[in-house]
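The structure under discussion appears below in the form of structure tokens.
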Amino acid sequence: MIKITDLSKSFGRLQALKQVSFEATGGQCIALIGPNGCGKTTLLKSVLGMVKPDKGTITVNDKLVERDWQYRRSIGYMPQIGRYPQNMKIGQVLDMLIDLRQSQAPLDDELMTAFKMKDLLHKRMGTLSGGTVQKVSACIAFLFNPSILILDEPTAGLDPVASGILREKIQEEIARNRLIIITSHILSEMDGLVNRITYMHEGKILFDKENQSLIKDTGTSNLMDAVIGIMKANGI
Amino acid sequence: MNKLVRYILIDIIRNRIVIAYMILLAAITLGVFCLEDNPAKGVLTILNIDLFIIPLVSIIFSAIYMYNSAEFIELLVSQPVPGKTIWLSLFLSLAGALSLAFLIGAGIPILIFAHGILAWFMILAGVMLTLIFVVLGLVAVVKTADKARGIGLAILLWVYFSILFDAVVLFLLFQFANYPVEKAMICLSMLNPVDLCRIMILLKMDVSALMGYSGAVFQDFFGTNFGILISVAALVLWVLIPLFYSLKKFVNKDL
């Protein structure tokens, strides 16, 4: 579904991405991890068309993303920090996006029901707590039945119940053969959810492995120990 | 694009600053007309205040609104909508909301108290200045990623057009006092939308008789239909050129 070849991007002197190649298909749930400033967000933003790469190509569903915007119909994005116009109501934000996307497919409001969003539709965005704003972002990402979901730190700021609901929803979507890319710093949370780990370091992909083979290779019992083991072995 | 404009416009109109701006304009306009017996003198006072306030509020408000909407713009960019539509919608919403505040706050009282072509020129100038300085605010935002520097740039642009430009023109005028510079002055005035609006309106008033020989040359140009057409065209260019520049920058920008 997503294919990235030799992607490079620099911001001034800082090289954020160094010839990154990456490929992902439906049914995969990928944890994109790495220290702060390793290029995770730049990589995701390039896929979303927010960052214009210097070199290399990105294709989504076999279509080049450069100068195109139609491809974003198949992507749902949940930002790390969602901020919306302060005087808009939740209902208006959702209406606006539904209006904008003109999606023919039926809407997926499972998350909205689970988060009891229908009771909050009349609330203004400026009055919401950080967690509620995150819930709105999550609802928006899943609303249009996208075949690719990009979730940037999805559970940061959510209470345990809400983050459990989101986790279940993600598992459902994997079963539906969707592609899900999650970035997070909380490795224990990814355990049992993701089936592939992509570790970035200083603008490069250091390793990219299936969950099972990673645990087997490192001889550890869980994901966190496996990743920490590799990081230590590489002297990071 | 209409859909996006509709939603963003509703958000901006509900903004407290925009409502306060409208009330301020209404208070100034009504206050001046109530204190002044002669409506023509009243218009002159209002002109001077408006030429100061409209650019300031338009440029600073649009710059701050754009910086505060950074994450919202990112969300819009992640949707299947072309970047061009997003940028133009933001411009139209900001320009629409601030023009509406001007039309209700200052436009209606001016139409009630001052009559004839002068009132319509005041309204035209107010709306054009709103559009121009909203666009200049967008240029400041698209040029600088940092919020503090961007707002600083917006303030500098306002200082330049409201104060510095006139100082430079005055300096040149004294330096070349022995030469016939009136025609050159007309060209120079095209380079500053605030001055252009000021001259256009002043020449519609009786006070223009007090401006001496320069006033007569200006009257020869700005008093004719051709001159008015050229000045309005110059104001429109002041909107379009920065708008397309900022649009081009935005489409190629990393968010």
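Assorted remarks:
- Only Lys, Arg, Asp and Glu carry charge here, each on its Cβ (+1 for the first two, -1 for the last two); on that basis region A:122-222 has a dipole of about 340 debye about its Cα centre.
- GNM remark for chain B: springs join alpha carbons under 10 Å apart, and the peak mean-square fluctuation among B:A95, B:A234, B:A148 falls on B:A148.
- For region B:66-146, fraction of C-alpha pairs farther apart than 17 Å, in %: 56 percent
- Here, P(r) means the percent of Cα pairs in each 10 Å bin from 0 to the largest distance; for region A:1-80 it is 17, 54, 28, 2.
- Paramagnetic label reach from B:R14 (point 7 Å along Cα→Cβ; backbone nitrogen cut-off under 11 Å): within region A:122-138, residues A:122-127.
- Between chain A and chain B, roughly 2800 Å² of accessible surface gets buried, counting both sides and using a 1.4 Å probe.
- Normalised by 2.2 N^0.38 Å, where N is the number of residues, the alpha-carbon radius of gyration of the protein assembly as shown equals 1.21.
- Centroid-to-centroid separation of region B:192-255 and region B:77-136 [C-alpha atoms, Å]: 16 Å
- 18 Å Cα-Cα reach of B:K248 towards aspartates and glutamates, excluding residues that sit fewer than 8 places from it in its own chain: A:D54, A:E66, A:D68, B:E74
- Residue among A:Q70, A:Q19, A:Q92 with the largest mean-square fluctuation in a Gaussian network model of chain A, springs linking Cα atoms under 10 Å: A:Q70
- Percent accessible area from carbon and sulfur atoms, the protein assembly as shown, protein chains only, probe 1.4 Å: 62 percent
- Exceeding the 32 Å Cα-Cα cut-off - candidates A:K45/A:K209; A:K123/A:K204; A:K204/B:K143; A:K123/B:K143; A:K123/B:K249; A:K135/B:K84: A:K123/A:K204; A:K123/B:K143; A:K123/B:K249
- Most mobile of A:Q102, A:Q212, A:Q80 in a GNM of chain A (Cα contacts under 10 Å): A:Q102
- By the rule of a C-alpha distance below 16 Å, with chain neighbours fewer than 8 residues away ignored, the aspartates and glutamates paired with B:K3 are A:D95, A:D99, B:D11.
- With Cα atoms defining each centre, region A:203-217 and region A:54-108 are spaced 30 Å apart in the structure.
- Charged side chains reduced to their Cβ positions (Lys and Arg at +1, Asp and Glu at -1) give the protein assembly as shown a dipole of some 440 debye around its Cα centre.
- Among the residues of region B:74-107, those with an accessible-area drop of 30 Å² or more from chain alone to full protein complex, heavy atoms and 1.4 Å probe, are B:E74, B:L75, B:V77, B:S78, B:Q79, B:P80, B:V81, B:P82.
- Taking label points 7 Å from Cα along the Cα-to-Cβ direction, B:Y213 and A:I81 give a separation of 6.1 nm.
- Shielding by other protein chains, A:39-50, mean Cβ within 10 Å: 2
The values are calculated or read from the model by the stated rules, or taken from the named source; none is laboratory data. Values in this document were obtained by computation on a predicted structure and should not be read as measured data. Methodologically, a virtual Cβ is constructed for each residue, glycine included, from the backbone with ideal geometry; neighbour enumeration extends over all protein chains shown. What goes into the accessible areas is simple: the full protein's heavy atoms, side chains included, and nothing from ligands, DNA or RNA. Shrake-Rupley method; radii C 1.70, N 1.55, O 1.52, S 1.80 Å.
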